[in-house]
Amino acid sequence: KEVKIHTKLTKNITLNMPLISAAMDTVTEHRAAIMMARLGGLGVIHKNMDIASQVREVKRVKKSESGVIIDPIFVSPKASVAEALEIMAEYRISGVPVVD
């Protein structure tokens, strides 16, 4: 017989794998939260950072879906390399597409 392990965490959130990571700085930042989500669980971003950093971590998780970035951060063709590097540093990403 097949076993179903999914569970409702809230009215609107169902977990396919009933696991939630600890909200600890040594456990959950965006990479762990993304992997937890891909596997059906939930990663809780820790609080040991300033609000702006927490927002960046959450944005990184929300932009990642099955390895595809849904709403990518990009620069225009008129942006300088310095501007692109600044954005990459701000969001701690390895590259930005140039979109006209």
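The values are calculated or read from the model by the stated rules, or taken from the named source; none is laboratory data. All of these numbers come straight from a predicted model, not from anything done at the bench. Virtual Cβ from ideal backbone geometry, glycine too; neighbours counted across all protein chains shown.
Before moving on, here are some points about what is shown:
- Some residue of region 6-25 being modelled with pLDDT under 90, outside the structural domain of residue 96 (by TED's automatic domain parsing), closer than 28 Å to residue 98 by Cβ and among the small types (Gly, Ala, Ser): no
- Region 39-86, subset surrounded by 14 or more Cβ atoms within 10 Å (Cβ to Cβ) and charged (D, E, K, R), residue modelled with the lowest pLDDT: 63
- Answer from 38, 92 - the residue that is of a type in the set (Lys, Arg) and at positive phi: 92
- 2 or more residues without any contact (Cβ under 8 Å) to a residue 24 or more places away in the chain and not aliphatic (A, V, I, L, M): qualifying helices (runs of 4 or more DSSP H) within the chain: 51-63, 81-91
- Conditions (1) out of contact with any helix residue (DSSP H, G or I) (no Cβ under 7 Å at 6 or more places or on another chain); (2) within 23 Å of residue 97 (Cβ to Cβ); (3) not assigned by TED's automatic domain parsing to the domain that holds residue 99: number failed by residue 83: (3)
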